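The next block holds one structure in the form of structure tokens; read it before the comments.
The values are calculated or read from the model by the stated rules, or taken from the named source; none is laboratory data. Remember, predicted model here, so these are calculated numbers, not experimental data. Please note: Cβ atoms are built from the backbone with ideal geometry, for glycine as well, and neighbour counts cover all protein chains shown.
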Amino acid sequence: MNCRDAENTLSAYLDGQLSEVERKPLEEHLEQCENCRRALEELTLIRDALRSLPEVEMPEGLHGRIMAAVRAHAREIKQDASECAGEAGNLRFDASKAGTDSPSRQKVGFFRRIVNRMSNMSARQWIPLTAAAMVLVMLLSVSGTLFLTEGGFGLNRAAKMTEQPGSPGFAASPETPSGYDGFGGLKAAAPPLADEAEGVGMLTSGSRTVAVAERKFIKRAQVAVEVSRGKIRETAEQAEGIVATNFGYIEQSSMSGNADKEMTSYYMVARVPSESVDKTVDELSALGRVTKRDSSIQDITDQYVDLDARLRNKINQENRLLEIMGEAKTVGELLQVEGEISRVRGEIESMQAQLNNNDKLTSLASVSFSATEEGSNPKPPSPWSDVWRVFVQAWRNLLLFAAQVAPSLIVLAALFLGGAWLVRRRARKTV
Amino acid sequence: MALLDEQVLIEKASEGDADAFEILVERYEKGVYNLAYRLIPDRDDAMDITQEVFLKAFQALPKFRGDSRFSTWLHRVCVNACLDFLRRKQRTQTYSLDEPINLKESSVVREVRDDSGSVEDVIETKSLTETVLMALNSVDEAHRTVIVLSDIRGYSYQEIADMLGISIGTVKSRLHRGRMTIRKLLPAEQIASPVVKSDERRDRR
Ligand SMILES: [Zn+2]
């Protein structure tokens, strides 16, 4: 055996892949040839180094990306299947081959064709399209802003009503937090909240108005009053009494005073059943001179529906795992399935906790109440308060505008990214 | 690892059940990602490919006949996706795939030397595993694929042959030639030292 033949079989020898007949002459050659011995040694080193490479960890977020793609595809399959219920079966996997043999198939094919057409467009074709879309979105958002500021009831999902009977300087103070809680939700004039909570909400999108049964709302109200000197304790007792008679409870309360240990202010957050919010707010307002009264509704239906769907998915997964556990034949299998079950169970429990918390929030409204002594926090009217008010008003308008424009910007960004992605994909496909 | 329940999961997933499929994903995603990452040593590309592999697998699951293990099948889908990717990428680059591998003056050796001035430094800072990995990344993909499947993922010659649709003889020769290429790419000082020494070096890591 010469060196070349010997060398060519070294790897197979190393991996134990040589037959007896092939191994003998090689081993004989190795005994005599130092070069080939060294080559074998070095190949062993290399193979062992490769074998000892540690596994790399999965990058964060990859699992989520995989499943998002898979679920999107699964939904597509289901849609196709239900849209063409007549010809189920093998339809699922040749739907993409653009069948045109039935009217319902044609509908699917139409959108597919648009998508295909778009993904085949060149960068130069994209620019005018994107520009046109940009102008359209701009026009829409401008008209939407005009419509909203004139008191229309358009896309708003968090409606808000503000009364500001007291001093304007105080009412417009920038710390009005409860109104800003709805995911940058839009604020606009709305009908009194009592009429719409817990009922059937209307969601206006485009020109279509869809009635969504059982929308979920979170109600919040805020009342601030001024009372005469020395009346804080009394007011606090009355306020707590009002909460109790409305079947609510105090979640948190505090009283603070000045250096003479006289109480000068009182603050509480109470939970009351949604249906008695207005009565509670009225009664609390009667306790003194109202300086601020404010209520808001936050629509959490989408969150709720999403969480609910995910919970149901997980419960299905758990049931399936339980079935599988019943079929397990060995301890190893059992342990593995059990591990998966306990992980799924943990997720189910945390989702249920979140849902319960949402249920609590929707059935019980939050009412915060504060009372201060007259003169304890003197605010002499000054020319600056007018300037401040104008400034705050301008700021609010700016925020309102930003909230209006944000969705358009998102749409624009999506268009750009989508375009860029398609172009890139096309580039990859054709090169 | 051929579990009884896998058959149940595969059946459900092939009917479009994404939850059942998720359990399979959780079981094999790390292996698939590792394979992709070793074939295409770029985190983002390997992530894209891993996602593509599972989506493709989900779509093609009804065609999975169960004549190989599910994991082998998945890995084959992954290898094909990686090779496709490399082919697409290669075509956009100027040099040709068929160009013979540059042996002695490979970019790996040069890179190592550029980094750190002298050969002694190289040996000080890079473990054998690291230099081998760098050398592996400059082996052409036909050979690299076989090395990754055999030495890193631990597949047998037969499994690799099935996976790539080539003969066992081809697997053997590609594996050997790939390893020999790595050997030639390594700095002589590192590879030629006695086994004991290089073991010490690895321990120091
Ligand atoms: Zn020899």
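Things worth noting here:
- Looking across the stretch B:136-153, the residues that are free of Cβ contacts under 8 Å to residues at least 40 places away in the same chain and at the interface with chain A (Cβ under 8 Å from one of its Cβ atoms) come down to B:I147, B:S150, B:D151.
- The single condition among (1) out of contact with any helix residue (DSSP H, G or I) (no Cβ under 9 Å at 6 or more places or on another chain); (2) farther than 11 Å from A:F369 by Cα; (3) among the small types (G, A, S) that A:S295 does not meet is (1).
- For the stretch B:30-61, the set of residues classified as touching a residue at least 12 places away in the same chain (Cβ under 8 Å), within 9 Å of chain A (Cβ to nearest Cβ) and within 18 Å of A:L53 (Cα to Cα) consists of B:G31, B:Y33, B:N34, B:R38, B:A46, listed by residue number.
- Residue check, A:R426 surrounded by 11 or more Cβ atoms within 10 Å (Cβ to Cβ), assigned to a helix (DSSP H, G or I) and either modelled with pLDDT under 75 or at positive phi (or both): yes
- Total residues in the stretch A:49-65, condition part of a loop (DSSP other than H, G, I, E, B) and facing chain B (nearest Cβ under 7 Å): 6
- Within the stretch A:240-252, the set of residues being more than 32 Å from the chain's Cα centre (by Cα) and outside any helix (DSSP H, G or I) comprises A:N246, A:F247.
- Of all residues in the stretch A:15-29 being buried (at least 18 other Cβ atoms within 10 Å of the Cβ) and assigned to a helix (DSSP H, G or I), the one that is farthest from the ligand (Cβ to nearest atom): A:L26
- Filter pass, B:E22 being surrounded by fewer than 17 Cβ atoms within 10 Å (Cβ to Cβ), closer than 17 Å to A:M67 by Cβ and free of Cβ contacts under 8 Å to residues at least 24 places away in the same chain: no
- Condition broken by A:E41, with the remaining ones in (1) modelled with pLDDT of 90 or more; (2) under 55 Å from the mean Cα position of the chain (by Cα); (3) at the interface with chain B (Cβ under 7 Å from one of its Cβ atoms); (4) farther than 19 Å from B:E15 by Cβ satisfied: (2)
- Qualifying residues in the stretch B:13-47 (those that are in contact with a Pro (Cβ under 8 Å, 6 or more places away or on another chain) and of a type outside the set (A, V, I, L, M, F, W, C)) - the one farthest from A:G61 (Cα to Cα): B:S14
- Within the stretch B:1-12, the set of residues being part of a helix (DSSP H, G or I) and more than 9 Å from chain A (Cβ to nearest Cβ) comprises B:E6, B:Q7, B:I10, B:E11.
- Tally of residues being part of a helix (DSSP H, G or I) and not basic (K, R) across the stretch A:281-323: 24
- Residues of the stretch A:35-83 satisfying the condition of being within 16 Å of the ligand (Cβ to nearest atom) and either among the small types (G, A, S) or farther than 16 Å from A:T9 by Cα (or both): A:A39
- Residue count, the stretch B:15-25 (criterion: more than 7 Å from chain A (Cβ to nearest Cβ) and in a helix (DSSP H, G or I)): 1
- Leading residue by the ranking (nearest to the ligand (Cβ to nearest atom)) among those in the stretch A:1-14 that are buried (at least 19 other Cβ atoms within 10 Å of the Cβ) and free of Cβ contacts under 8 Å to residues at least 24 places away in the same chain: A:T9
- A:G326, sole failed condition from (1) touching a Leu at 6+ places or on another chain (Cβ under 9 Å); (2) surrounded by fewer than 12 Cβ atoms within 10 Å (Cβ to Cβ); (3) part of a helix (DSSP H, G or I): (1)
- Check on A:E234, charged (D, E, K, R) and part of a helix (DSSP H, G or I): yes
- Members of the stretch A:1-22 found to be over 16 Å from B:Y157 (Cβ atoms) and of a type in the set (D, E, K, R), listed by number: A:R4, A:D5, A:E7, A:E20
- Subset of the stretch B:148-174 (residues that are touching a Phe, Trp or Tyr at 6+ places or on another chain (Cβ under 8 Å) and aliphatic (A, V, I, L, M)): B:L149, B:M163, B:I168, B:V171
- Residue within the stretch A:394-402 that is over 28 Å from A:D302 (Cα atoms) and either part of a helix (DSSP H, G or I) or modelled with pLDDT of 80 or more (or both) present: yes
- Under the condition of being without any contact (Cβ under 8 Å) to a residue 24 or more places away in the chain and either loosely packed, with under 14 Cβ neighbours inside 10 Å or within 10 Å of another protein chain (Cβ to nearest Cβ) (or both), the residues counted in the stretch A:339-359 number 11.
- Residue list for the stretch A:275-298, restricted to those being hydroxyl-bearing (S, T, Y), closer than 25 Å to A:N357 by Cβ and either surrounded by 21 or more Cβ atoms within 10 Å (Cβ to Cβ) or over 36 Å from the mean Cα position of the chain (by Cα) (or both): A:T280, A:S295, A:S296
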